[in-house]
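Chemist: Pasting in a structure now, in structure tokens, and then I'll have a few things to ask.
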Amino acid sequence: MKKFILLSILIFVLACGRGLHYYINPKANLSYIKRVAILPLQNFTRDNLAHEKIRDILETELLRLGIFEVVDRGEIDATLRELRVRSPSEIDPKIIKRISQKLLVQAIFTGSVDEYRREQSGGLSLPIVTISLKLIDTQSGKVIWQITASEKGGGALTRLFGVGERSLTEVSHILIRRCLKTLS
């Protein structure tokens with residue numbers, strides 16, 4: 001009986017795991033990238049501001065790590081308005097080239113927020129965040145790095161005993177830190 005209970009708990013904990021799948025271009029050399037821009041993200045969620053929240057958190061975490069100089073979002077948005085780009089889906093290799101010339105960046109981050117919600121689970125409200133990000137070389141237009149990752153708030157203790165519940169913002173920070181670790 002003890003084995004069955006332990007096995008059940010182990011399966012439950014593993015089933016509630018996190019997903020992270022990424023690609024790094026084997027020919028990419030990140031050392032030449034000094035300055036990056038974070039373009040607006042696409043939002044595939046019901047939260048109308050999820051893409052802005054994730055973009056802010058991505059900027060904060062990049063600045064915290066000090067890997068790259070990050071162009072101010074106001075400067076990026078002004079450049080996009082000047083180029084008459086109204087939606088992230090309008091950004092193509094020609095636009096990327098023009099953005100890089102105006103902002104003097106070697107690479108851009110782009111992507112989407114695929115999930116940003118709370119899920120009811122056994123009386124708990126657990127946050128779930130899923131994102132897809134790309135780092136694109138502005139000269140070649142090639143993908144240097146791409147990741148799709150998901151994080152569910154609350155570990156085994158939260159799920160089993162209801163302690164340690166996290167907010168969507170906390171889960172987003174954890175998720176983006178995990179993503180950025182794959183860059184270095």
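Chemist: Based on the alpha-carbon gyration tensor of region 67-148 and its eigenvalue square roots a ≥ b ≥ c, which shape applies: rounded if a/c is under 1.5, prolate if not and a/b is larger than b/c, or oblate?
Modeler: Working: a/c = 2.60, a/b = 2.13, b/c = 1.22.
The shape class here is prolate.
Chemist: I've got another one for you. Multiply the residue gap between Asp56 and Ser89 by 0.36 nm, knock off their C-alpha separation, and tell me the result in nm, one decimal place. Before the final figure, lay out the partial values.
Modeler: On the way: separation 33, 0.36 × 33 = 11.88 nm, distance 1.94 nm.
Extra length available between Asp56 and Ser89 comes to 9.9 nm.
Chemist: With each label point set 7 Å from Cα along the Cα-Cβ vector, what nm distance links Ile174 and Gln120?
Modeler: For the pair Ile174/Gln120, the computed spacing is 2.3 nm.
Chemist: What distance in nm lies between label points placed 7 Å from Cα along the C-beta direction at Leu65 and Ser140?
Modeler: A separation of 2.0 nm, rounded to one decimal place.
Chemist: Shape call for region 49-90 from the C-alpha gyration tensor, a ≥ b ≥ c root eigenvalues: rounded (a/c under 1.5), prolate (a/b greater than b/c) or oblate? Spell out each step's value before the answer.
Modeler: Working: a/c = 2.84, a/b = 1.59, b/c = 1.79.
In terms of gyration-tensor shape, oblate.
Chemist: In nm, what is the difference between 0.36 nm times the number of residues separating Arg98 and Tyr22 and their Cα-Cα distance? Numbers along the way, then the final one.
Modeler: Details: separation 76, 0.36 × 76 = 27.36 nm, distance 2.72 nm.
My answer for the length gained is 24.6 nm.
Chemist: A further question follows. Search the structure for amide H atoms under 5 Å from the amide H of Arg166, placed 1.01 Å from N in the peptide plane, and list their residues when 5 or more places away or on another chain.
Modeler: Gly154
Chemist: Hey, another quick one. Can you sort Ser121, Ser132 so the residue with the fewest Cβ neighbours within 10 Å comes first?
Modeler: Ranking Ser121, Ser132 by Cβ neighbours within 10 Å, fewest first, gives Ser121, Ser132.
Chemist: Sticking with this one: When the gyration tensor of region 18-181 is built from Cα positions, what are the square roots of 5 times its three eigenvalues, in whole Å, from largest to smallest?
Modeler: Details: eigenvalues 191, 57, 33 Å².
After diagonalising the Cα gyration tensor, the semi-axes are 31, 17, 13 Å.
Chemist: Rounded to whole Hz and in sequence order, give me ³J(HN,Hα) for region 53-61 from the Karplus expression 6.51 cos²θ - 1.76 cosθ + 1.60, θ = phi - 60°, writing x for Gly and Pro.
Modeler: Per residue, the Karplus-derived 3J(HN,Hα) values read 4, 5, 4, 4, 5, 4, 4, 4, 5 Hz.
Chemist: First measure r as the distance between the Cβ atoms of Ser31 and Arg73, then evaluate 1/(1 + (r/R0)^6) with R0 = 35 Å and state the FRET efficiency to the nearest 0.05. If you can, show how the numbers build up before the last one.
Modeler: Working: r = 25 Å, r/R0 = 0.72.
Efficiency at R0 = 35 Å is approximately 0.90.
None of the figures in this text is laboratory data; all of them are computed from the coordinates on show. Nothing here was measured: the structure is a model prediction, and the numbers come from that model. Positions of Cβ are generated from backbone atoms using ideal geometry, with glycine treated the same way; all protein chains shown enter the neighbour counts.
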